[in-house]
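Structure, as structure tokens:
Read-outs: derived from the displayed coordinates by stated rules, not from any lab. This is a predicted model, so every value here is computed, not measured. All Cβ positions, glycine included, derive from the backbone under ideal geometry; neighbour counts span all protein chains shown.
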């Protein structure tokens, strides 16, 4: 028997794959299980418990599959660890039963965009491909449904922490900036090492695609070289959004939704992956032109009185906001704020001076944001609701400017999540019309 801890998407996916493989699995969740997931367990005759791990403690499993949100420091994990039971992630479990080509994507920012883009490039070229992991279904669920030829996986550091043998044919590391440090003993070095686990088991037949100008990546590789073949991506983006490599034209991004230097990095890493999988440049350019990114990522909403409204609600940290502001070619009325994550706003100062004409602070407590930019931005408005923030942004903006929602903060002070914040922003903009 195997024990699955956590009944979210990854746990349910692992249970369904175990069922397909003829294994007996027991699912245990400390909280109540979502009704739709519970129905899947019942219909597939998979035993489970919810609201605690009472029955799980009585099991002697062959191994434990831990959902990525569960900390190593929880009592149930310590219990099985002390017993010497192998504890792995759902990603590791699925990989042990997968013989297809795996493309793994990680990084602090840009994972979802790059994963979606690689999937689109391959799918447009007629490949038998699925995207999974942190985007779409879990890897295990996708594998339980069909044996695809290509799996494009978005991978978080939490998922990578639980791998043992997982080896992607192509691994992509986009960038590393401080995030989730509470799970890594407040050590950036530990977090960096976690991200590099994506190449842990690669060999000389595999490829490791990295953004070659990321300082944390360069420093780590000097001390811990990968066994895979390194592909350094160092894109150059012209003012007309033409992507260059070594001063040679690679692709034209001007007719795509991929705006800004950060998306040039995402695009180049995705293009390199596609090229390694024998996709032609003509096919790649055509697919880039038709690519539609997920919502809330520099998403154009509307233009009212020659004022563009852009929804970048996914920008929940300072680094994401840096690249959003960097991508703007017009003056910006910036809507920011929310649940602060210990942000250091100094890295934004030069861009803010150059591009921001007004700041609309939006949150329950905006003091830190206002203090950080009070002397840099000529107009600052303090608001406590999204409708008010959008109205005041519209009042402050001039024709030819952009109203940019790029919060730099978590959403939980006023919203359920970043999706709820972005959706409400789009609705508030529609009300202006």
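Ordering 326, 241 by the number of other Cβ atoms within 10 Å of each residue's own Cβ, fewest first, gives 326, 241.
Fewest neighbouring Cβ atoms within 10 Å first, the residues 98, 409 line up as 98, 409. Listed values [x] 79, 59, 38; [y] 65, 49, 41; [z] 154, 52, 25 include one computed from this model; for Cα extents along the principal axes in Å that value carries the label [y]. If you fit an axis through the alpha-carbon atoms of helix 418-432 and take the longest principal axis of the Cα set of the chain, what angle between them do you get, 0 to 90°, nearest 10? Rounded to the nearest ten degrees, it is 30. Cα centroids of the stretch 338-410 and the stretch 181-221: 33 Å apart.
Distance from the alpha carbon centroid of the stretch 233-280 to that of the stretch 106-132 works out to 15 angstrom. Per residue of the chain, the DSSP helices (runs of n ≥ 4 H) give a summed -39500 (n - 2.57) that works out to -10500 deg cm²/dmol at 222 nm. To test your reading of the geometry: what angle, between 0 and 90 degrees and rounded to tens, separates the Cα axis of helix 281-290 from the longest principal axis of the chain? Roughly 70 degrees between the two axes.
Let me know the shape class of the stretch 93-290, please: from the alpha-carbon gyration tensor, a ≥ b ≥ c as square roots of the eigenvalues, rounded when a/c is under 1.5, otherwise prolate if a/b is greater than b/c, or oblate. Oblate.
Structure remark: mean-square fluctuation, Gaussian network model of the chain, C-alpha springs under 10 Å; the largest value among 16, 376, 325 belongs to 376.
Among 29-40, 156-167, sorting by the average number of other beta carbon atoms lying within 10 angstrom of each residue, highest first, gives 156-167, 29-40. Seen against the Cα atoms of the chain and their longest principal axis, helix 261-276 is set at about 40 degrees.
A protection proxy built from the mean count of other Cβ atoms within 10 Å ranks the segments 253-266, 47-60, most packed first, as 253-266, 47-60.
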